[in-house]
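The values are calculated or read from the model by the stated rules, or taken from the named source; none is laboratory data. Quantities reported herein were computed from a predicted structural model and do not represent experimental measurements. All Cβ positions, even for glycine, are placed from backbone atoms using ideal geometry, and neighbour counts span all protein chains on display. Note: accessible area is taken over every heavy atom of the protein model, side chains too, but ligands, DNA and RNA are not part of it. Shrake-Rupley method; radii C 1.70, N 1.55, O 1.52, S 1.80 Å.
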Amino acid sequence: MATRWGICGAGKISSDFTNSLTSQPTTEHQVVAVAARKLDRAQEFASDHNISQAYGSYEEMAKDQNVDVVYIGTIHPEQC
């Protein structure tokens with residue numbers, strides 16, 4: 001059974017990671033959801049990457065039982 005991925009964040013790093021996952025066999029990895037702070041940004045990302053589910057909050061995606069693992073492509077708001 002394929003690992004079903006959720007993507008947190010709809011920026012360049014998330015796009016690069018998603019592209020690498022989608023280059024793998026769908027029997028191994030599938031990107032099934034994306035979440036962003038703004039729903040329209042998640043929907044645009046989903047459309048660009050052929051992802052079936054887009055969420056306007058990270059909490060919504062965390063509740064999605066079709067997601068096995070989440071890639072977090074956002075930066076931490078604290079400066080080091």
Q: Can you list which of the trypsin sites (Lys or Arg not before Pro) found in segment 1-55 are DSSP loop residues with at most 13 other C-beta atoms within 10 Å?
A: ARG37, LYS38
Q: Treat every Asp and Glu Cβ in the chain as -1 and every Lys and Arg Cβ as +1, leave all other atoms uncharged, and give the resulting dipole magnitude about the Cα centre to the nearest 20 debye.
A: 80 debye
Q: Report ILE72's accessible area, 1.4 Å probe, all protein chains in place, as a number in Å² to the nearest 10.
A: 110 Å²
Q) Over the chain, what percent of the accessible surface lies on carbon and sulfur atoms, probe 1.4 Å? A) 49 percent
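With a probe of 1.4 Å, find how much accessible area the chain has per residue, and write the answer as a whole number in Å².
67 Å²
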Q. Can you give the helix-only mean residue ellipticity at 222 nm for the chain, where every DSSP H stretch with n ≥ 4 adds -39500 (n - 2.57) and the sum goes over all residues, rounded to the nearest 500 deg cm²/dmol?
A. -9500 deg cm²/dmol
Q: Quick one: accessible surface of TYR58, probe radius 1.4 Å, all protein chains present, in square angstrom to the nearest 10.
A: 80 Å²
Q: Specify which labelled value, from (i) 1.53; (ii) 1.03; (iii) 1.21, agrees with Cα Rg over 2.2 N^0.38 Å derived from the coordinates of the model shown.
A: (ii)
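Quick one: order VAL69, VAL32 from most to least accessible surface, probe 1.4 Å.
Values: VAL69 50, VAL32 25 Å².
Ranking VAL69, VAL32 by accessible area, largest first, yields VAL69, VAL32.
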Q. Roughly speaking, what is the stretch gain from VAL69 to GLU28, that is 0.36 nm per residue apart minus the C-alpha to C-alpha distance, in nm to one decimal?
A. 13.5 nm
